[in-house]
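Visitor: The structure follows.
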Amino acid sequence: WAGERGRTKYPEAIVNSGTLTTKNAVMITANNVDLNNCDREQVQFSGAVQPHGAMLVLAETDLRVLQASANCATLLGTPAVDSLLGQPIEHALGKDVARDIRDHLARAGTDLDSGPVHLMRATLAGSVFDTFIHRVEGGLILELEIVGSETAPLLDLFSQLHATIGRLQATRGLQAFFDLACEQLRWFTGYDRVMAYKFMDDGSGNIVAESVADGVQSYFGLHFPASDIPVPARRMFALSWLRHLPNADYEPVPIVPALNPATNGPLDQSRGLLRSVSTMYSDYLKNMGTRGSMVMPLMKEGALWGLIACNHSVPLHVPHERRMAAEFLAHMLSLLMAAKEDAETYDYRLRIGATIDHLVRSMAAEPVFHHGLIKSEQNLLRCLNTTGAALAIKGELFLMGRTPGEVHVKNLIGWLGARDDGQAVFGTDRLSSLYADASAFQDTAAGVLAVRLIPHRPDYVMWFRPEIGQIVHWAGNPDKPMESTEVNGEIRLSPRGSFALWKQSVQGRSDPWTNVEIQGAADLRRAIVEVILQQAEALDQANRELSRSNVELDSFAYAASHDLREPLRGINNYASFLLRGHAEQLGEEGRAKLDTIVRLTKRMDELIESLLHYSRIGRLDLSVVAADLDIVLDEALMTLAARITDANAEIVRPRRLPTINCDRIRVREVFVNLVSNALKYSKGTDRCRIEIGSTEADVTGTPVFYVRDNGIGIAAAQHERIFDIFRRLHGRDAYGGGSGVGLTIARRAAERHGGRLWLDSALGQGSTFYFTLAPEAGPAI
């Protein structure tokens, strides 16, 4: 397909991505489209309708006619189109039909924004019409489609649908599913060719299943270039569950006037049933020997996966009832297709999961954990269907199976690190197209799947696949998909006329990486990071202070905590779902236990968030600037304004704070944590008094800052323990609760500046927290 394309040029109405802009821009339509801009054509602005129906554009407030298709007079028996404009709908359709439409709209309560809604059947000028309506910018689009002579009883349609869906559910394997779907849809709709079309990553497509009538040419197994269904056409297909073109030889009927008076721009017909298509699209169909067509999208996880395309050698109008049933079937095909595709990969997913479990046990059993990834019988090489694997960690490189040489792998790691886009997983089946040096070793690594274990470190797990010799069968020459011809003095882009088999040899590519393999690589990375975290926690128990100087451990904690949040939220969601949906069956004891699970998961999520915050301070570089600490303190107090008011606290600032070189965000965080701590532990009924100030700079040029309160105080034996992460001296919910990480973060921020944080306190006598900030440049003034 060349795609459904707009036909009319509007020199005064300029649209960018569907939005009216300025008169100086150029709208790409069928009149000025060429090979350089066809992917930017505004396909939704056709300015015309197909002749098997008529269109009225109505003002939503009073149903006045704003625009009308030029065939309204002959098809609906209305007055001349020019005399309809600005008149109420009664002037166009008569009082009885207009009254029924108004009544239906008043009672509908239907979302008119998501596409055409069937209102009713109406008789006009001796013909019966199905009426459809939907909302667009600038009003309502009312479409009236002639009802054909053949209609099917709804009960029969339901029985056919029920039987079809049952047979589709019973199929085993994705290929059998699509074969049956095409066969059933051809029988169901009457088309002589029905194809299942799958989009590839590069936008090209492949006919993966087909059902054809006797004597009709088969396209099964052929590939079609991406230009056959460019981006605008794919976007349009994804917007509607069904696109119907009864007769490719039709003459388009223009919409009058060309511009919508409500918007002064062209009418957006993205979801219209009667929208005229491009000559390029209709010519394309005719080149295939097709005169009637219907297209339905195959959607997976909200994205366009492929299409079901129905073709007929002569014009064919499918009645609304059958189209409605086919649209429902398209929904079901998308749902069942996703399930079938997942089932096909289930065993492979299980095998990958079992291998990952084995590797985790092996890592746990080894003194140096990563030896468990290479020494085990089920090592990295056995994890995925590959011929080679590599592990780069802590400056060491281990190669397994058929791989490029050590120098090539190290250079590849350098390239991966330099192109770091923040994604943990990178995969390609055509490495040399992205990394030119890979052409030297594509016999062993035309494709690579790599996971970066730790951000900003050259630690990778990689798998390699060799080049495969591949012959692709195209429907015609993919390098010459279109031609330009001169029609009535205009240069028009035309679709290719040949769909003969074209064989092309493809080099420099490996077997592609499947979604299951990419997810398996991500799961292995998560498992490795979790093992790393467990070992890091063991080291932390032996020497807590090691975490303050070990940046690598911070990265481990950050990566693992980030990945732990997803399963934790899953536990919380499922527990909450059980409480909402099954409370009566659970009983009081069951509900209490689930309440506990929800509470504990929320608590754990808070702790993980605190751990993430703590680890960021150790990983992020300081942004040192000359900062007025009086302004920084103002910002901190503004953050705590509500709590200060609630505590009726008195804030005392004896003197201005100096301007020094520091990271103002980190220092503001120190003030917030220390003042927040003072507010939390203020005396019971006495008024909270907090003094914030600084001493004169000492001989090194470094002032000492302090936050003093009149709170409950801290025993001398606890002065260091309060800085331990997650350490609270009181019950979890006492004094407003908390995660016990605030003072730890404050001390860490001071130490990142080269300073320190300590306190002077005694029980019942308040506390004074001191800190210094000593960046390398010293004070600015």
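The values are calculated or read from the model by the stated rules, or taken from the named source; none is laboratory data. All figures in this text were calculated on a predicted structure; none of them were measured in a lab. Glycine also receives a Cβ, built like all others from the backbone with ideal geometry; neighbour counts cover every protein chain displayed. Surface accessibility is based on the protein's heavy atoms, side chains included, excluding ligands, DNA and RNA. Shrake-Rupley method; radii C 1.70, N 1.55, O 1.52, S 1.80 Å.
Visitor: Considering region 181-236 alone, what residues qualify as being at pLDDT below 90 and among the β-branched types (V, I, T)?
Guide: Within region 181-236, T189, I207, V208, V216, I229, V231 qualify.
Visitor: With respect to the numbered conditions (1) open to solvent by less than 70 Å² (accessible area, probe 1.4 Å); (2) outside any strand (DSSP E or B); (3) closer than 24 Å to R323 by Cβ, which one is the sole condition not fulfilled by V128?
Guide: V128 satisfies every listed condition except (2).
Visitor: Let me confirm something: among A238, A309, which residue is open to solvent by 20 Å² or more (accessible area, probe 1.4 Å) and farther than 19 Å from V117 by Cβ?
Guide: It is A238.
Visitor: Within region 161-183, does at least one residue satisfy the condition of being in contact with a helix residue (DSSP H, G or I) (Cβ under 7 Å, 6 or more places away or on another chain) and assigned to a loop (DSSP other than H, G, I, E, B)?
Guide: yes
Visitor: Something else about it: Looking only at region 604-646, which residues are in contact with a helix residue (DSSP H, G or I) (Cβ under 8 Å, 6 or more places away or on another chain), at pLDDT 85 or above and among the small types (G, A, S)?
Guide: Once the filter is applied, which keeps residues that are in contact with a helix residue (DSSP H, G or I) (Cβ under 8 Å, 6 or more places away or on another chain), at pLDDT 85 or above and among the small types (G, A, S), region 604-646 yields A627, A636.
Visitor: Could you check region 244-277 and list, in sequence order, the residues that are among the hydrophobic types (A, V, I, L, M, F, W, C) and open to solvent by less than 10 Å² (accessible area, probe 1.4 Å)?
Guide: L245, A248, L267, L274, V277
Visitor: Can you pull out the strands (runs of 3 or more DSSP E) entirely within region 396-505 that have at least 2 residues that are at pLDDT 90 or above?
Guide: Of the strands (runs of 3 or more DSSP E) lying wholly inside region 396-505, those with at least 2 residues that are at pLDDT 90 or above span 396-401, 425-428, 447-452, 460-465.
Visitor: Among all residue pairs at least 6 apart or on different chains, which show Cβ distances below 9 Å where the first residue, located in region 224-251, is under 17 Å from R323 (Cα atoms) and the second is among the acidic types (D, E) and assigned to a helix (DSSP H, G or I)?
Guide: Correct list of pairs: S240/E327; W241/E327; L242/E327.
Visitor: Are any residues in region 743-761 crowded, with 20+ Cβ neighbours inside 10 Å, small (G, A, S) and within 43 Å of the chain's Cα centre (by Cα), and if so, which ones?
Guide: A746, A749, A750 - these are the residues of region 743-761 that are crowded, with 20+ Cβ neighbours inside 10 Å, small (G, A, S) and within 43 Å of the chain's Cα centre (by Cα).
Visitor: Quick check on my filter: what residues within region 42-63 are assigned to a strand (DSSP E or B) and closer than 17 Å to L112 by Cβ?
Guide: Listed by number, the residues that qualify are M55, L56, V57, L58.
Visitor: Can you name the residue in region 680-705 that is out of contact with any strand residue (DSSP E or B) (no Cβ under 8 Å at 6 or more places or on another chain) and among the acidic types (D, E) and is also modelled with the highest pLDDT among such residues?
Guide: E696
Visitor: For the list (1) open to solvent by 30 Å² or more (accessible area, probe 1.4 Å); (2) touching a strand residue (DSSP E or B) at 6+ places or on another chain (Cβ under 8 Å), I need the number of the one condition that G302 fails.
Guide: All conditions pass for G302, except number (2).
Visitor: Follow-up. May I ask you to say which residue of V117, V97 is open to solvent by less than 70 Å² (accessible area, probe 1.4 Å), of a type in the set (A, V, I, L, M, F, W, C) and farther than 14 Å from L140 by Cβ?
Guide: V97
Visitor: Considering only residues that are at pLDDT 80 or above and assigned to a loop (DSSP other than H, G, I, E, B), which ones fall in region 276-287?
Guide: S276, V277
Visitor: Now a separate question. Going through region 282-309 one residue at a time, which ones are over 30 Å from the mean Cα position of the chain (by Cα) and under 17 Å from S240 (Cβ atoms)?
Guide: S293
Visitor: Also, quick follow-up: If you check V318 against the conditions, is it among the hydrophobic types (A, V, I, L, M, F, W, C), out of contact with any strand residue (DSSP E or B) (no Cβ under 9 Å at 6 or more places or on another chain) and surrounded by 18 or more Cβ atoms within 10 Å (Cβ to Cβ)?
Guide: Considered against the rule, which asks whether it is among the hydrophobic types (A, V, I, L, M, F, W, C), out of contact with any strand residue (DSSP E or B) (no Cβ under 9 Å at 6 or more places or on another chain) and surrounded by 18 or more Cβ atoms within 10 Å (Cβ to Cβ), V318 comes out as no.
Visitor: Checking the structure you have, find out if any residue of region 271-288 is touching a strand residue (DSSP E or B) at 6+ places or on another chain (Cβ under 8 Å), small (G, A, S) and farther than 20 Å from L144 by Cα.
Guide: Yes, that holds for at least one residue.
Visitor: With G764, G754, G731, G713 as the choices, which residue is part of a loop (DSSP other than H, G, I, E, B), of a type outside the set (F, W, Y) and modelled with pLDDT under 75?
Guide: The conditions single out G731.
Visitor: Kindly list the number of the only condition in (1) out of contact with any Cys (no Cβ under 8 Å at 6 or more places or on another chain); (2) at pLDDT below 90; (3) not aromatic (F, W, Y) that fails for R708.
Guide: It fails just one condition, (2).
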